[in-house]
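Asker: The following block contains the structure, expressed as structure tokens.
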Amino acid sequence: MGVSHPSPKEVAVLRVVLIALVVFATIYALVDCLQTDRRLVRIMPKTVWLLAVLVPVLGPVFWLVAGRSDARGGPGPASRGPGRRPPGPRGPMGPDDDPDFLRKL
């Protein structure tokens with residue numbers, strides 16, 4: 001039993017997909033770095049991060065793992081997800097939960 005090798009067409013498709021993933025990750029990290037407030041950038045100055053994310057594969061990965069802070073003004077990961085509600089006053093969710101609406105029926 002011999003080992004089958006991928007055809008040249010399969011290799012070409014795999015290369016295109018990998019290149020597209022690298023380009024997408026680089027663009028995503030670059031835009032994310034540009035939009036991140038300077039006070040939330042960690043380890044290096046923002047201008048250095050902008051240059052670092054242009055390094056294929058490693059730059060975007062390092063930015064997403066170590067460069068940005070999780071403090072983005074929104075709820076943290078612990079307060080997200082199904083069944084979890086942000087703290088604070090809760091109003092009626094729908095008309096059938098609103099006592100004033102039900103009294104008017």
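Asker: Considering the stretch 19-48 alone, what residues qualify as being in contact (Cβ under 8 Å) with a residue 12 or more places away in the chain, closer than 15 Å to GLY59 by Cα and not in a loop (DSSP other than H, G, I, E, B)?
Answerer: Restricting attention to the stretch 19-48, the residues satisfying the condition of being in contact (Cβ under 8 Å) with a residue 12 or more places away in the chain are 22, 25-26, 28-30, 32-34, 36, 40-44, 46.
From what's left, closer than 15 Å to GLY59 by Cα: 22, 25-26, 28-30, 32-34, 41-44, 46.
Selection gives VAL22, ALA25, THR26, TYR28, ALA29, LEU30, ASP32, CYS33, LEU34, VAL41, LYS46.
Asker: Sticking with this structure for a sec: Taking the stretch 1-40 only, how many residues are in contact with a helix residue (DSSP H, G or I) (Cβ under 6 Å, 6 or more places away or on another chain) and modelled with pLDDT of 90 or more? Spell out how you get there, then give the answer.
Answerer: Taking the stretch 1-40 as the starting set, the residues that turn out to be in contact with a helix residue (DSSP H, G or I) (Cβ under 6 Å, 6 or more places away or on another chain) are 25-26, 29, 33, 38.
From what is left, the residues that are modelled with pLDDT of 90 or more are 25-26, 29, 33.
Here the count works out to 4.
Asker: Something else now. What's the total number of residues in the stretch 15-52 that are among the polar types (S, T, N, Q) and either surrounded by fewer than 11 Cβ atoms within 10 Å (Cβ to Cβ) or more than 15 Å from the chain's Cα centre (by Cα) (or both)? So that I can check it myself, show each step before the final result.
Answerer: Just the residues of the stretch 15-52 that are among the polar types (S, T, N, Q), to begin with: 26, 35-36, 47.
With either surrounded by fewer than 11 Cβ atoms within 10 Å (Cβ to Cβ) or more than 15 Å from the chain's Cα centre (by Cα) (or both) added as a condition, the list becomes 35, 47.
Number of matching residues: 2.
Asker: Can you tell me which of PRO82, PRO89 is outside any helix (DSSP H, G or I), at pLDDT 60 or above and exposed (fewer than 13 other Cβ atoms within 10 Å of the Cβ)?
Answerer: PRO89
Asker: Has the stretch 53-75 got any residue that is modelled with pLDDT of 90 or more, part of a loop (DSSP other than H, G, I, E, B) and surrounded by fewer than 11 Cβ atoms within 10 Å (Cβ to Cβ)?
Answerer: no
The values are calculated or read from the model by the stated rules, or taken from the named source; none is laboratory data. These figures come from a predicted structure and were not determined experimentally. Positions of Cβ are generated from backbone atoms using ideal geometry, with glycine treated the same way; all protein chains shown enter the neighbour counts.
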